[in-house]
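A.B. asks: Have a look at this one.
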Amino acid sequence: MTAESTPGSGATGPGTPGEPAAEGPRRRAGGKRRGPRGKRSGVRIAAWTAAGVVALGGTGLGYVYVTLNGNISSVDIDQVLGTDRPDKADDGSENILVLGSDTRAGGNKDLGGGADDGSARSDTAMIVHVHEGREKASVVSLPRDTLIDRPECTDADGGTHPAARDVMFNSAYSTGGAPCAVKTVEEITDLRMDHYLEVDFSGFQELIDELGGVEITTSRAIDDPDSHLELEAGTHRLDGEQALGLVRTRHGVGDGSDLGRIQLQQAFVKALVKQVKEVGILTNPKKLYDLADTATRAVTTDSGLGSVNSLISFANGLKGIGPDDLHMVTMPVRYDPADPNRVLVQEDKARLVWKALKEDRPIPEAATEDSATGEAADVVSAP
């Protein structure tokens, strides 16, 4: 299920598919984590590989263009949201909201487990801020279990959804699809989201397999039956199924929380970017086409990126950014003392993050000091 067809709410609690999210009032006080809680990265490869389509050339380019163009699904978020939004930046920077959808529809059920209840959630959410000059990027992960006030929003089919207080962040997507997710992020951050990219279970797995796997190093063994992942400590080349397991696992690492899973995802993104830079697809037209075909079928975008030409232009602006040029943080949060399976935004520190991005500056270290973490920061790295 893409963002265009996501029906009403269906947010779940962490770890148990179908478990309803608590949506009652929450006590906003300091607290510590008391126990474990409850995916996926790599959307960026779609833009990277689409950039290489221009290298195909030859008389078959027209056919290739039509085929790849027809692969792309898009949502006209600008039309749905209208003009009541934060202003676009005029300093050459750009913000992209990247979401991972956990729909169980189609082939995703076998990959993700759980029942197909007709809903989908955004269990991975990242704001990718590309700085002026396109040489560096700041990436802010938004924990799915964060309690927020969701604004009234309209979905891609024109349906309206009332505002809600103290609901999980990922309920925005399950309630109103991509437009509601974008509006919610813009309300939280006061930052304009210039673009939107979404990928689901099967799309992610196919991308990694087409790329030839991604190499990572684990500092300790990971054994998580829930995500079907078992890795010894050491260096591994993960295929698509293993990579999906890694970015979904939480019980086998850190404190068992979604925050720990985010730390694994951030490490995997850096390894993925390194792999994309090293794979040499521009010198292999067949490999290039196969990867571009998979990438364009795997993603849903905003209408501004909904064509091969747009993706090429966008990707050309990112191709100089390597893993060392990514500064990755998590939105400052603290565990909810009323429910250890939820987190609350540290508003003062979060404002430092959004202010830095609005002014196109690096995120200050003070913004993330003393924020809750998942204690899995050093478990995975790029070799």
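A.B. asks: Any chance you could count how many residues in region 320-366 are acidic (Asp, Glu) and farther than 22 Å from Val185 by Cβ?
C.D. replies: 4
A.B. asks: Of the residues Glu375, Glu369, which is part of a loop (DSSP other than H, G, I, E, B) and either on the phi > 0 side of the Ramachandran plot or touching a Gly at 6+ places or on another chain (Cβ under 7 Å) (or both)?
C.D. replies: Answer to the selection: Glu375.
A.B. asks: For region 156-188, which residues satisfy the criterion of being closer than 17 Å to Val80 by Cα and among the polar types (S, T, N, Q)? Don't jump to the end; show me each part of the working.
C.D. replies: Here is the first cut: in region 156-188, the ones closer than 17 Å to Val80 by Cα are 156-163, 172-187.
Answer for region 156-188, where residues must be closer than 17 Å to Val80 by Cα and among the polar types (S, T, N, Q): Thr160, Ser174, Thr175, Thr184.
A.B. asks: Only one of Val269, Val253, Val247 is out of contact with any Cys (no Cβ under 7 Å at 6 or more places or on another chain) and open to solvent by 10 Å² or more (accessible area, probe 1.4 Å). Can you tell me which?
C.D. replies: None of the others qualify; the one that does is Val269.
A.B. asks: Which residue is farthest from Asp290 (Cα to Cα), if the candidates are limited to region 200-225 and must be in a helix (DSSP H, G or I), in contact with a Gly (Cβ under 6 Å, 6 or more places away or on another chain) and open to solvent by 10 Å² or more (accessible area, probe 1.4 Å)?
C.D. replies: The qualifying residue farthest from Asp290 (Cα to Cα) is Ser202.
A.B. asks: Right, another one. How many residues, within region 128-174, are touching a strand residue (DSSP E or B) at 6+ places or on another chain (Cβ under 7 Å), polar (S, T, N, Q) and open to solvent by less than 10 Å² (accessible area, probe 1.4 Å)?
C.D. replies: Of the residues in that region, 5 qualify.
The values are calculated or read from the model by the stated rules, or taken from the named source; none is laboratory data. For clarity, every value in this text was computed on a predicted model and none was experimentally measured. Here the Cβ is made from the backbone with ideal geometry for all residues, glycine too, and neighbour counts use every protein chain on show. Keep in mind that these areas ignore ligands, DNA and RNA; they rest on the heavy atoms of the full protein, side chains included. Shrake-Rupley method; radii C 1.70, N 1.55, O 1.52, S 1.80 Å.
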